[in-house]
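Below you'll find the structure, written out as structure tokens, and then a few comments.
The values are calculated or read from the model by the stated rules, or taken from the named source; none is laboratory data. Note that the coordinates shown come from a computational prediction; the quantities given were computed from them, not determined experimentally. Positions of Cβ are generated from backbone atoms using ideal geometry, with glycine treated the same way; all protein chains shown enter the neighbour counts.
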């Protein structure tokens, strides 16, 4: 199902929640809970607190679904705003304090950022990859970029190019072989 269809389905479910439909709330939960839990966890950085706030979010959705206006925002944007606001409320209330490690452990913290040498090497590799991609046929380079850099599936690429899936796979495979040769040279 494409993004527009999912958005429409979620908006319709929210409209049914506004009229007291519990099954619609289960549908809204199923379609959005993973994303909203991720938002809560990112803000609160505590699994238990994120779960508690997520429950509050769906209580709010149950009570305020009638205020959702699809002309104002997408359903997921509206839901994320509620989750974000509930998390901020939890932080401001003082009921939740982030657990801090003792200062003595600061010496054991590892800097995860890449070193300057690693960043230079990565930049060189990126430039080399771009140069090799530029040497491919435009159709191969575009398909490889879309599949491996943009995350498109082979099926999506074949549908967009209006060609059989096997043909798209062959184009990408041949392009990858040329790319490998170029990168090894």
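Determine which member of the set 7, 42 is within 22 Å of residue 69 (Cβ to Cβ), part of a helix (DSSP H, G or I), assigned by TED's automatic domain parsing to the domain that holds residue 83 and modelled with pLDDT under 95.
After applying the criteria, what remains is 7.
What number of residues in segment 142-176 are in a loop (DSSP other than H, G, I, E, B) and modelled with pLDDT of 90 or more?
Selection size over segment 142-176: 3.
Somewhere in segment 5-12, is a residue under 16 Å from the mean Cα position of the chain (by Cα), over 25 Å from residue 89 (Cβ atoms) and free of Cβ contacts under 8 Å to residues at least 40 places away in the same chain?
Within segment 5-12, one or more residues are under 16 Å from the mean Cα position of the chain (by Cα), over 25 Å from residue 89 (Cβ atoms) and free of Cβ contacts under 8 Å to residues at least 40 places away in the same chain.
Which of the residues that make up segment 129-141 are within 26 Å of residue 159 (Cβ to Cβ) and modelled with pLDDT under 90?
If the condition is that a residue be within 26 Å of residue 159 (Cβ to Cβ) and modelled with pLDDT under 90, then 133 is the only one that fits.
With the requirement that a residue be closer than 25 Å to residue 5 by Cα and surrounded by 19 or more Cβ atoms within 10 Å (Cβ to Cβ), what does segment 47-79 give you?
Those that are closer than 25 Å to residue 5 by Cα and surrounded by 19 or more Cβ atoms within 10 Å (Cβ to Cβ): 54, 57, 58, 61, 65, 68, 75, 78, 79.
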